[in-house]
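A short write-up of the structure that comes next.
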Amino acid sequence: MKRILITGSSGMLGVDLCKELCVDYELIGVDIAKAISTYSYRKCDITNKQEIFQVVKKARPNVVVHAAAMTDVDGCELNPEKARRINSEGAKNAALACKAAGAALIYISTDFVFDGKKKSPYKETDKTNPISVYGDSKLKGEEAIKKAVKKHFILRTSWLYGKHGKNFVDTILAKAKGEKVLKVVDDQVGSPTYTKDLAKAIRALLDRVTKSPSHQVTCSRPRFSAPYGIYHVSNSGKVSWFDYAKEILRLAKMPAKIVPISSEELDRPASRPAMSVLDNSKFIKFTGYRMRSWQEALKEYVR
């Protein structure tokens, strides 16, 4: 049974990932927060190089899924040093620890590495140009990983929501209970992604590189001959935040009125890309796994 170490295991994605992998993989959860699962757990601060090195060395995982991050986009803008320390240095520390232990690394990145000026879905080969501290800190994490460890998969995803963390869906539902009119931006388009579905996609990747006949393990570590690099993975389809909010309330059968506004009117600390839809074709071709539509995923989540 392959051993998987998951950083950020108590987070929104981490919890769903543990649930998805627990039957067929030996799991070790790592987080600075309190453990919220029954799996083997190690408390660790990823910004502390010595701590993460010791945890990975002792655990001897086949693969590390680095899901720990500072994902508060406006919080990153207001505290760039903290964002850099967690998202950039933390990723570098995880990568170097993987290299030392001979483990492969799966890094969860973001659509915010792009500036949003492209009119069609972003491919892995498109030029990056983050317009926020958050996007820049995650991109620097990607760059550090590429330099530090050969055996890496960088998974860029978008607009995450799930049952184990603060998210847009729950925010809209909560506001609709107390406010008669909701104002939501209509000039940003992306692909909402359910963490439960992203966990299944990561499972598909792990299965592909550890279990398929062309990747059979012949030693204590899997000999990954898979094409390492960057992959885009999100629920399919695209929508604006405004239309997304409308669909949330429709599914929840809540009658609140929604008014479209511009990003400029909302006046947040951090800029967001106007269009950050991701092209998932490379991931589908490699794993054979196709993410369902954002509408199908949202329907399951809300109902």
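The values are calculated or read from the model by the stated rules, or taken from the named source; none is laboratory data. Just so it is clear, the model here is predicted, and its values are computed rather than measured. Counting neighbours? That spans all protein chains shown, and the Cβs are built from the backbone with ideal geometry, glycine included.
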Subset tally (residues that are at pLDDT 95 or above and of a type in the set (Phe, Trp, Tyr)) for region 26-56
1
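Would you tally the residues in region 140-149 being in contact with a strand residue (DSSP E or B) (Cβ under 8 Å, 6 or more places away or on another chain), part of a helix (DSSP H, G or I) and not acidic (Asp, Glu)? So that I can check it myself, show each step before the final result.
Just the residues of region 140-149 that are in contact with a strand residue (DSSP E or B) (Cβ under 8 Å, 6 or more places away or on another chain), to begin with: 141-142, 145-146, 149.
If we keep only those that are part of a helix (DSSP H, G or I) too, we end up with 141-142, 145-146.
Now restrict to residues that are not acidic (Asp, Glu): 141, 145-146.
So the count comes out to 3.
Considering each of Leu105, Leu96 in turn, give the residue that is of a type outside the set (Gly, Ala, Ser), at pLDDT 95 or above and more than 17 Å from the chain's Cα centre (by Cα). Please lay out each step first, then the result.
Details: Leu105 fails: more than 17 Å from the chain's Cα centre (by Cα).
Exactly one residue qualifies, and that residue is Leu96.
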Which one of these is among the aliphatic types (A, V, I, L, M) and over 23 Å from the mean Cα position of the chain (by Cα): Ala245, Ala270, Ala256, Ala274?
Ala256
Residue list for region 1-37, restricted to those being part of a strand (DSSP E or B) and either touching a helix residue (DSSP H, G or I) at 6+ places or on another chain (Cβ under 9 Å) or under 13 Å from Ile202 (Cβ atoms) (or both)
Arg3, Ile4, Leu5, Ile6, Thr7, Leu27, Ile28, Gly29, Val30, Asp31
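Of all residues in region 228-256, count the ones that are part of a helix (DSSP H, G or I) and in contact with a Leu (Cβ under 7 Å, 6 or more places away or on another chain).
Just the residues of region 228-256 that are part of a helix (DSSP H, G or I), to begin with: 241-252.
Next cut, in contact with a Leu (Cβ under 7 Å, 6 or more places away or on another chain) only: 245, 247-248, 251-252.
Matching residues across region 228-256 total 5.
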With the condition being of a type in the set (A, V, I, L, M, F, W, C) and under 22 Å from Tyr228 (Cα atoms), I'd like the helices (runs of 4 or more DSSP H) fully within region 38-132 carrying at least 3 qualifying residues.
90-101
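Scanning for something outside any loop (DSSP other than H, G, I, E, B) and farther than 26 Å from Asp207 by Cβ, does region 150-163 turn up at least one residue?
Applying the first criterion (outside any loop (DSSP other than H, G, I, E, B)) to region 150-163 yields 152-157, 160-161.
Okay, now just the ones that are also farther than 26 Å from Asp207 by Cβ, so none.
Scanning region 150-163, I find no residue that is outside any loop (DSSP other than H, G, I, E, B) and farther than 26 Å from Asp207 by Cβ, so the answer is no.
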Would you please name the residue that is nearest to Arg84 (Cα to Cα), looking only at residues in region 20-62 that are surrounded by fewer than 21 Cβ atoms within 10 Å (Cβ to Cβ) and of a type in the set (S, T, N, Q)?
Thr47
I'd like the full set of residues that are crowded, with 17+ Cβ neighbours inside 10 Å and modelled with pLDDT under 95, limited to region 241-257.
Ala256
Is it the case, given these coordinates, that Lys138 is of a type in the set (Lys, Arg) and buried (at least 16 other Cβ atoms within 10 Å of the Cβ)?
yes
Matching residues, region 65-83, being more than 23 Å from Tyr161 (Cα to Cα) and in contact with a helix residue (DSSP H, G or I) (Cβ under 6 Å, 6 or more places away or on another chain):
Pro80
Which one is surrounded by the most Cβ atoms within 10 Å (Cβ to Cβ), of the residues in region 258-281 that are in contact with a Pro (Cβ under 9 Å, 6 or more places away or on another chain) and of a type outside the set (S, T, N, Q)?
Leu278
